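The block underneath contains the structure these notes are about, expressed in structure tokens.
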Amino acid sequence: MSDVKAVFPRSLVEAAELVRMVGPDPEAVPMMAPKAVQACLYVSGAPCYAANIIKQEMLGLGGDAAVHRGAVNCSADRSDVLIMGSLRQARRLADKLAPQAGYLGGLALRLRVAMGDSGGGHGGALRCRGHSFAIGARTYVMGILNVTGDSFSGDGLLAGSRSLGAADGGLPELTSRVAERMVADGADMIDVGGESSRPGYAPVGGGEELERVAGVIRRLSGELGVPISVDTAKPCVAEGSLKAGASMVNYVGGSGSLAEVACMAGREGAGLVIMQREAIGSGAGSAMALATALGEGAKAVMGAGMPADGIVLDPGIGFGKTDGESLGALRRLGELKALGFPVLIGTSRKSFIGNALGLPPDDRLEGTAATVACGVAFGADFIRVHDVAPMVRVARMADALVREGG
């Protein structure tokens with residue numbers, strides 16, 4: 001009796017390996033592999049005529065498309081479309097639509113971006129002031145350096161410089177020591193923050209925040225061989241940090257000043273992290289809402305002069321979200337990856353981990369490790385962490401498991 005096994009190829013590479021195991025003609029492998037990888041693409045707000053064309057084309061290709069019940073007789077103005085089939089079928093749909101004028105031709109390009117066929121926005125690398133990160137090669141680690149007195153995790157260096165062991169109790173020496181240790185432990189970037197963003201934090205004026213971080217950034221950018229990022233919600237701090245030598249702005253402020261910060265970062269050739277701070281709800285719709293918000297943010301900053309290959313997307317896990325929303329955002333990073341930009345997650349020691357495990361911030365190492373491992377599997381390119389050495393190991397092991405060639 002023949003044995004039957006279920007197989008679920010995650011990529012074209014895996015699909016090709018499975019096809020080769022059967023022993024067909026080698027020339028048939030690249031034609032067959034896309035048939036084994038499933039594609040599920042959600043198109044929002046298509047004109048009814050376009051929705052009907054997409055459905056008929058997919059049916060003709062052996063797939064299907066779900067459309068609004070009012071699309072057939074055009075009783076609805078527009079219809080969302082869920083395209084369902086193999087990767088090969090979805091690619092053939094894009095090929096059929098590409099020569100069309102207007103909406104359908106433009107949709108073909110967006111479908112190809114969503115399937116990863118167009119190179120996306122970053123062109124394979126993130127660039128920030130002379131530094132370059134090959135996206136997809138491995139996961140990159142951003143070490144957190146809090147120059148604050150009220151960090152939620154208790155690691156703020158401002159309040160405890162003497163007790164933490166600086167030679168003369170001075171902050172500059174301590175930040176150098178801590179940052180050097182992070183780099184030795186494998187950090188690819190240091191993220192310097194001068195104001196806590198924890199719930200109930202004490203606001204700090206822009207002048208004071210810049211005073212805290214500018215000297216640290218100036219010193220570290222001259223001492224370390226890795227780029228320095230500034231974590232801030234204030235355009236004035238972003239500007240001063242760039243002048244001090246920061247290579248990236250990890251902007252956690254609102255959308256109202258995002259274009260201003262993008263203009264600064266673009267002018268300096270620095271990178272820019274865009275964060276989504278608002279509640280997103282739960283379920284499949286929440287992932288699409290998150291992707292829509294960050295996609296619009298990416299378009300806005302590019303319109304303000306920010307190069308596409310300097311943009312990173314952050315789903316804002318733990319920012320303005322319930323525990324369930326944070327967990328859902330982590331699970332659904334694939335929708336963000338489809339936008340064509342690298343993705344950063346910051347889950348380290350956060351409250352949703354503490355609530356799940358019933359543990360305080362300084363006892364959330366294992367919980368953080370679980371979110372980092374899953375985050376890498378779900379598509380994260382950068383992880384922002386407090387505990388660099390153990391999280392570098394977690395990321396490397398996760399890379400070995402989930403990245404092609406790992």
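The values are calculated or read from the model by the stated rules, or taken from the named source; none is laboratory data. No experiment lies behind these values; they were computed from the predicted model shown. Please note: Cβ atoms are built from the backbone with ideal geometry, for glycine as well, and neighbour counts cover all protein chains shown. For the accessible areas, the whole protein counts, side chains as well, though only heavy atoms, and no ligand, DNA or RNA atoms are used. Shrake-Rupley method; radii C 1.70, N 1.55, O 1.52, S 1.80 Å.
Details
- Sole residue being under 18 Å from the mean Cα position of the chain (by Cα), more than 14 Å from Leu313 (Cα to Cα) and either surrounded by 21 or more Cβ atoms within 10 Å (Cβ to Cβ) or not hydrophobic (A, V, I, L, M, F, W, C) (or both), chosen from Val249, Val230, Val273: Val230
- Inside segment 94-134, residues that are closer than 30 Å to Ser221 by Cα and either surrounded by fewer than 18 Cβ atoms within 10 Å (Cβ to Cβ) or at pLDDT 85 or above (or both) make up a count of 12.
- Any hit, segment 236-248, residues being modelled with pLDDT of 95 or more, closer than 28 Å to Ala395 by Cα, touching a Gly at 6+ places or on another chain (Cβ under 8 Å) and part of a strand (DSSP E or B): yes
- Val192 falls short on exactly one of the conditions (1) modelled with pLDDT under 90; (2) crowded, with 22+ Cβ neighbours inside 10 Å; (3) of a type in the set (Val, Ile, Thr), and that condition is (1).
- Evaluation of Ser11 against (1) of a type in the set (Gly, Ala, Ser); (2) open to solvent by less than 20 Å² (accessible area, probe 1.4 Å); (3) under 30 Å from Arg403 (Cβ atoms) (one fails), failing number: (2)
- When segment 350-377 is filtered for residues that are surrounded by 21 or more Cβ atoms within 10 Å (Cβ to Cβ), touching a Gly at 6+ places or on another chain (Cβ under 8 Å) and not hydrophobic (A, V, I, L, M, F, W, C), the ones remaining, listed by number, are Lys350, Arg364.
- Consider segment 167-187 and keep the residues that are open to solvent by less than 20 Å² (accessible area, probe 1.4 Å) and closer than 24 Å to Gly240 by Cβ. The one that is modelled with the lowest pLDDT is Gly170.
- Verdict on Lys299 being among the basic types (Lys, Arg) and farther than 25 Å from Ser176 by Cβ: yes
- Summed over segment 305-324, the residues that are farther than 13 Å from Leu339 by Cβ and either open to solvent by 30 Å² or more (accessible area, probe 1.4 Å) or of a type in the set (Asp, Glu) (or both) give a count of 8.
- Among the residues of segment 329-374, those that are under 17 Å from Gly143 (Cβ atoms) and assigned to a loop (DSSP other than H, G, I, E, B) comprise Gly346, Thr347, Ser348, Arg349, Lys350, Arg364.
- Members of segment 293-328 found to be acidic (Asp, Glu), assigned to a helix (DSSP H, G or I) and in contact (Cβ under 8 Å) with a residue 24 or more places away in the chain, listed by number: Asp309, Asp323, Glu325
- Qualifying residue in segment 1-24 (condition: in contact with an Asp or Glu (Cβ under 7 Å, 6 or more places away or on another chain) and closer than 23 Å to Leu339 by Cα): yes
- Among the residues of segment 381-399, those identified as in contact (Cβ under 8 Å) with a residue 60 or more places away in the chain, closer than 20 Å to Gly193 by Cβ and not in a helix (DSSP H, G or I) are Phe382, Ile383, Arg384, Val385, His386.
- Residue match in segment 187-198 (condition: in contact with a helix residue (DSSP H, G or I) (Cβ under 6 Å, 6 or more places away or on another chain), part of a helix (DSSP H, G or I) and closer than 18 Å to Ile383 by Cβ): no
- Qualifying residue in segment 291-300 (condition: buried (at least 22 other Cβ atoms within 10 Å of the Cβ) and in contact with a Leu (Cβ under 6 Å, 6 or more places away or on another chain)): yes
- The sole residue among Ile280, Ile274 that is in a loop (DSSP other than H, G, I, E, B) and touching a residue at least 40 places away in the same chain (Cβ under 8 Å) is Ile280.
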